[in-house]
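In what follows, a structure is listed as structure tokens, so that the remarks can point back to it.
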Amino acid sequence: MLPLQFIDEILIDYTLAEVLLITFVVAVLATLPLKSVRIIGLVVTTFGAVFMLSPTMPDYMLLLGVGLIVVGPMVFVTGRN
């Protein structure tokens, strides 16, 4: 485990929106080797909801959340079983 002070020193320079955006990109990249479009759709939808429900998000991140909530279910439905 990393000490909390180390994590705090890294994250102190970034906002919640930036950390969640980086986490979203890493999560999508982590699901690509699975080759499942449905899982990618679930990840996109989940992060869209997180972006919408986080209280300290700037306006452009709220709009990104709306877009991800719209696109995520479409990606999920178009995926094969």
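Structure summary
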quantity	calculated
Flag for Thr45 being polar (S, T, N, Q) and either at pLDDT 95 or above or surrounded by 13 or more Cβ atoms within 10 Å (Cβ to Cβ) (or both)	yes
Condition broken by Val25, with the remaining ones in (1) within 8 Å of the chain's Cα centre (by Cα); (2) surrounded by 12 or more Cβ atoms within 10 Å (Cβ to Cβ); (3) more than 12 Å from Gly72 (Cβ to Cβ) satisfied	(2)
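The values are calculated or read from the model by the stated rules, or taken from the named source; none is laboratory data. Model, not experiment: these values are computed from the prediction. FYI the Cβ positions are ideal-geometry reconstructions off the backbone, even for glycines, and counts take in every protein chain you see.
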